[in-house]
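The values are calculated or read from the model by the stated rules, or taken from the named source; none is laboratory data. Since the model is a prediction, treat every value here as computed from it, not as a measurement. Glycine also receives a Cβ, built like all others from the backbone with ideal geometry; neighbour counts cover every protein chain displayed.
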Amino acid sequence: MKTSFIKRGAIWLGAAAVSAAMTTAAWAEPLKVGFVYVGPVGDHGWTYRHDQGRKAIDKAFGDKVKTTLVESVKEGADSERVIRQLAASGHKLIFTTSFGFMNPTLKVAKSFPNVRFEHATGYKQAKNVSTYAARFYQGRHIAGLIAGKMTKSNVIGYIGSFPIPEVVRGINATTLALQKVNPKATVKVVWVNTWYDPGKEGAAAKALIDQGADVIMQHTDSPAAIQAAQERGVWAVGQASDMTHFGPKSHLTAIIDVWDNYYVARTKAVMDGSWKSDDTWDGLKQGMLQMAPYNAAIPADVLAMAKKAQANIIAGTVHPFAGPIKDQMGKEKVPAGKNLDDGSLLSMNWYVQGVQGKLPK
Amino acid sequence: METLTAVLITVIGAATPLVFAATGELVAEKSGVLNLGVEGMMLLGAVAAFAVALTTGSATLGILAGAAAGAALALVFALLTLTLLANQVASGLALTIFGIGVSALIGRSFVGVPLQRLPQLDLPGISDLPILGPLLFSHDALVYLSILAIPATIWFLERSRAGLILRAIGENHQAAHALGHAVIKVRYLAVMFGGAMAGLGGAYLSLAYTPMWAENMTAGRGWIALALVVFATWRPGRLLLGAYLFGGITVAQLHIQGFGFDIPSQFLSMLPYLATIAVLVAISADGARARLNAPASLGRIFYPEA
């Protein structure tokens, strides 16, 4: 009887010790944060900037976090497998950084209610799925103003990836700004149906230049278009990262995404338990979007105009989608004195007047 | 007219890496070895060429490094499939995946570094001719090399003794072996030639087409090259035609969009593959005629003792 009591006590003590050890282990265990990228980290564009954000988390929290990345993940079924894998392997916060990861993210989120998900550029939230994006169109507005002043042929070439609202919005913002300063200028769009294929992006840039474009804009991720513009002696605007050194003569500016602060803030929120599902859409004001250094060849008055527009957007006195806005058929979409609301911006699937060609459906 | 010239020059650029990679694969397949690792070998060639050209400042060394790197990776494949008798399809796929990874690893410090484009060889006087000058006489050395590779390959396969032996081995390795030909040795050389050519295709991408290194920058061109070999029914002349057709369609669909024609760009993107499928169907439907050109021992493992 006595021995069995001692035995039982020992077992109980042992169990307590084990559970205590586990608790400390749980405390010491770093928070695992996962990232799913659509392109390679070395694309020097979109994915590269997200990876800079991941590094910012590493820097901010040191041993308290452990970040994992999976790059070049195809949008669709393959991405679901990758996201599920991350969730199942103990990642408590997962960033999925492409529009096409939206449904896979939501699907996985359903089976892992305790894991927090952050989906970039999407529009569907859930209890444990936040969305975030930068108001790229603010940068496109500034790029459009500059392009309108710099073009001589009055044709702006625009390389589109996929006809999703985010890309269409950029094309429209560019066109509206462009026509404000140069009503004769139009935008020619070529869709390459890929986010990342340097060869194809370069060929698209050359095709647009051959058809008369003298300013090339892109919503794809590699610097190939900048190189093509440099080679042919026309202007270009970079995407996601500063691409100046790929075409120092042609690079007017670039619209740079800066995810660092947001990523650090969301990681911190998970750590202190204040994380809530949210929809963040920040822009120039919050610094999620920045303009790369302007090319020295831009005349002073044009530069002043660009900087003024930037300041006005930050101050909130200028909205890139201020009415009146007409669609391609000439139908009024936004009356004068009104701004297009965020909901319509997020689901934009029509071209404004001044864009050439038909939007693929 | 000037626009047309510019468009055609872009087509040449799009076709050249395909000509290199597909010609190399054609020779390897003629010897009876199916190497699906073209994409991986192109990538390794691209990164090696870029790295060497950037660090030494010599484009020539870069081109040689690209070819050498492609051949080196092909040697690994040859070792696996010819000496260790591993399955060719599986090894080729593994080679592609390996090539993607290892090229990204090597290229880590070269991301975002610009490089001077491969110089164009201008012939004074002739290059200034209207239309013909820019179209025919103002390209870089690799473009000329890719075109010269075609008659050279035709001569080798059709006219030279070594080429006849290579084809005999590809048709029936047992019979060739019985006649005393060194099946394994010839296949080693053919596979390595294929690798070197794929490496040159990669070098063209990273030195001339888009002079930079970016991960996975071939973006599927190795697979197009593989399809091209079938499309050309193993004939180098048709291969050249096919490569320019594939390159032409890629560029044309961008122009068609720019002009605002209402054809879905996705439809145009799939045309080259549709054509390949059509050729494949033709081969299986009219076996007697078309299969004459397909190496009968393609993809089959050779057991020397059997």
Can you tell me which residue within segment A:176-213, out of those that are polar (S, T, N, Q) and closer than 20 Å to A:ALA229 by Cα, is farthest from the other protein chains (Cβ to nearest Cβ)? A:THR186
Just checking: which of the helices (runs of 4 or more DSSP H) contained wholly in segment B:190-306 hold 1 or more residues that are modelled with pLDDT of 85 or more and either of a type in the set (Lys, Arg) or under 26 Å from B:ILE100 (Cα atoms) (or both)? B:221-231, B:236-259
When residues of segment A:104-128 are limited to those that are surrounded by 16 or more Cβ atoms within 10 Å (Cβ to Cβ) and out of contact with any helix residue (DSSP H, G or I) (no Cβ under 7 Å at 6 or more places or on another chain), the one nearest to A:SER161 (Cα to Cα): A:ALA120
Can you tell me which of (1) of a type in the set (D, E, K, R); (2) surrounded by 24 or more Cβ atoms within 10 Å (Cβ to Cβ); (3) more than 22 Å from A:ASN172 (Cα to Cα) is the one A:ASP221 doesn't meet? (3)
Conditions (1) within 26 Å of A:ALA120 (Cβ to Cβ); (2) within 12 Å of chain B (Cβ to nearest Cβ); (3) out of contact with any Asp or Glu (no Cβ under 9 Å at 6 or more places or on another chain) -> A:VAL237 fails only (2)
Going by the structure shown, is B:LEU166 away from chain A (no Cβ under 11 Å) and surrounded by 18 or more Cβ atoms within 10 Å (Cβ to Cβ)? yes
A careful count of residues in segment A:143-170 that are within 14 Å of chain B (Cβ to nearest Cβ), of a type in the set (Val, Ile, Thr) and touching a Leu at 6+ places or on another chain (Cβ under 9 Å) gives 3
Residues of segment A:337-354 that turn out to be within 14 Å of chain B (Cβ to nearest Cβ) and either surrounded by fewer than 12 Cβ atoms within 10 Å (Cβ to Cβ) or within 23 Å of the chain's Cα centre (by Cα) (or both), as a count: 1
Is one or more of the residues making up segment A:313-336 without any contact (Cβ under 8 Å) to a residue 60 or more places away in the chain and within 14 Å of chain B (Cβ to nearest Cβ)? yes
When both residues are 6+ apart or on different chains and their Cβ atoms are under 9 Å apart, which pairs have a first residue that lies in segment A:95-110 and is outside any helix (DSSP H, G or I), and a second that is charged (D, E, K, R)? A:PHE95/A:ARG54; A:PHE95/A:GLU118; A:PHE95/A:ARG266; A:THR96/A:GLU118; A:THR97/A:GLU118; A:SER98/A:GLU75
Qualifying residues in segment A:26-80 (those that are farther than 24 Å from A:ALA269 by Cβ and β-branched (Val, Ile, Thr)) - the one nearest to the other protein chains (Cβ to nearest Cβ): A:VAL41
I'm told A:THR317 meets every condition in (1) among the hydroxyl-bearing types (Ser, Thr, Tyr); (2) in a loop (DSSP other than H, G, I, E, B); (3) surrounded by 11 or more Cβ atoms within 10 Å (Cβ to Cβ) except one. Can you identify the failing condition by its number? (3)
Within segment B:91-135, the count of residues that are hydroxyl-bearing (Ser, Thr, Tyr), within 11 Å of chain A (Cβ to nearest Cβ) and more than 20 Å from the chain's Cα centre (by Cα) comes to 1
In segment A:54-94, anything polar (S, T, N, Q) and either out of contact with any strand residue (DSSP E or B) (no Cβ under 7 Å at 6 or more places or on another chain) or in the same structural domain as A:PHE162 (by TED's automatic domain parsing) (or both) is listed as A:SER72, A:GLN85, A:SER89
Could you please give the count of residues in segment A:26-54 that are without any contact (Cβ under 8 Å) to a residue 24 or more places away in the chain and part of a helix (DSSP H, G or I)? 5
Single unsatisfied condition, B:TYR188 versus (1) within 14 Å of another protein chain (Cβ to nearest Cβ); (2) closer than 30 Å to B:VAL52 by Cβ; (3) of a type outside the set (A, V, I, L, M, F, W, C): (1)
Exactly one of B:ALA175, B:ALA141, B:ALA182 is out of contact with any helix residue (DSSP H, G or I) (no Cβ under 8 Å at 6 or more places or on another chain), at pLDDT 90 or above, over 21 Å from B:VAL38 (Cα atoms) and surrounded by fewer than 22 Cβ atoms within 10 Å (Cβ to Cβ), and that one is B:ALA182
